[in-house]
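Below is one structure; the comments refer to it alone.
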Amino acid sequence: MIRFVNVHKWFHKLHVLNEVNLQVQAGEVVVVCGPSGSGKSTLIRTVNQLEPISSGEIWVNGVNVSDPKTNLNALRAEVGFVFQHFNLYPHLSVLDNITLAPVQVKKMDRAAANKLGVQLLERVGLAHKQDTFPAQLSGGQQQRVAIARGLAMQPKVMLFDEPTSALDPEMIGEVLKVMKDLAESGMTMMVVTHEMGFAREVADRVVFVDHGQIIEEAPPGEFFTRPQHERAKQFLKQVL
Ligand code: ADP
Ligand code: MG
């Protein structure tokens with residue numbers, strides 16, 4: 001579903017992605033972890049081309065997304081993205097946040113979009129909040145709305161960039177639960193997170209990034225019990 005081939009990215013002189021090769025199969029959940037500043041956000045943002053790459057190729061569902069001719073709107077309809085800070089539209093109701101893209105991008109009719117929106121809100125446990133505005137919701141609720149919004153375009157892939165890092169501790173579980181349900185429904189997911197419990201329980205593979213390089217890639221059972229590289233061992237000491 002996702003394939004990175006010899007990907008490099010520079011921000012001016014800073015080499016933020018260095019020879020990244022990675023494949024994510026359909027239905028797989030890959031957790032990306034690593035120290036702050038190692039390039040995790042940049043890595044997942046390249047999948048829907050929120051960040052262009054400097055060289056190499058990235059393929060999503062058979063489309064070369066790093067080709068400048070690729071239609072980015074079509075790509076982003078297939079690849080949902082959930083940010084650390086939710087990024088909901090503050091002036092729109094919860095339901096309108098979810099229906100905006102299906103109506104404007106997919107030209108779905110209003111009634112069908114509303115029906116889909118309510119179904120997605122049910123899925124994240126927030127159907128009763130459809131007419132509420134984002135500011136009236138808790139952080140955990142806002143993030144669940146953001147996940148429902150990401151699903152509204154019926155994507156093939158969902159990307160998450162530290163989706164629980166901005167939340168109070170008591171709200172982390174409700175968001176991880178929604179993500180776990182999504183994983184169990186067969187969604188292909190790349191998740192940047194420091195929630196190692198989630199990685200252990202839900203991930204098919206854990207990828208450890210340091211200085212823009214994937215230095216370790218293993219099923220969670222292996223990664224947590226027998227990390228191969230010193231830097232991965234140090235990282236695990238800090239987060240576990
Ligand atoms: P992580 O998500 O692992 O913390 P990032 O991918 O955000 O790391 O950043 C990797 C490196 O690239 C960091 O050194 C960061 O400062 C730098 N960086 C990120 N975005 C930009 C940008 N738009 N311009 C210049 N440097 C950037
Ligand atoms: Mg980041």
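Every read-out reported here was derived from the displayed coordinates using simple, explicitly stated rules and does not represent laboratory data. Just so we're clear, the structure is a prediction, and the values are computed from it rather than from any experiment. Cβ atoms come from the backbone with ideal geometry, glycine included; neighbour counts cover every protein chain shown.
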Cα Rg, Dmax, the chain, angstrom units: 17.8, 55
So how far, in whole Å, is the C-alpha centre of region 183-240 from the one of region 40-74? 23 Å
Using 7 Å Cα-to-Cβ label points, what is the Ser55/Asn18 separation (nm, one decimal)? 1.5 nm
Translational diffusion coefficient (Stokes-Einstein; Kirkwood radius from C-alpha pairs) of region 128-217 at 25 °C, 0.890 mPa s, in µm²/s: 172 µm²/s
Please identify the trypsin sites (Lys or Arg not before Pro) of region 1-106 that satisfy two criteria: DSSP loop assignment and at most 16 other Cβ atoms within 10 Å. Which are they? Lys13, Lys69, Lys106
Over all distinct alpha-carbon pairs, what is the Kirkwood Rh of region 170-240 in angstrom? 13.0 Å
Computed Rg/Rh for region 101-171 (Cα atoms; Rh = Kirkwood radius) stands at 0.98
Checking the table Lys106/Lys177; Lys107/Lys156; Lys13/Lys237; Lys40/Lys237 against a 25 Å threshold on Cα-Cα, which pairs fail? Lys106/Lys177; Lys13/Lys237
Tabulate in residue order the Karplus-calculated ³J(HN,Hα) for region 68-75, using 6.51 cos²θ - 1.76 cosθ + 1.60 with θ = phi - 60°, rounded to whole Hz; enter x for Gly and Pro. x, 7, 5, 6, 5, 5, 5, 4
Kyte-Doolittle cut-off -1.0, length cut-off 15 Å along the helix's own axis using Cα: show which whole DSSP H helices in the chain pass. 94-104, 110-123, 139-151, 169-184
Mean shadow of region 56-143, computed from the convex hull of its alpha carbons, in nm²? 7.1 nm²
Per the Debye formula with a single identical scatterer at each Cα and no solvent contribution, what log10 I(q)/I(0) holds for region 53-93 at q = 0.13, 0.17, 0.18, 0.32 Å⁻¹? -0.41, -0.62, -0.67, -1.12
Amide H neighbours of Thr132 under 5 Å, counting only residues 5+ apart in sequence or on other chains, H built in-plane at 1.01 Å? Val94, Leu95
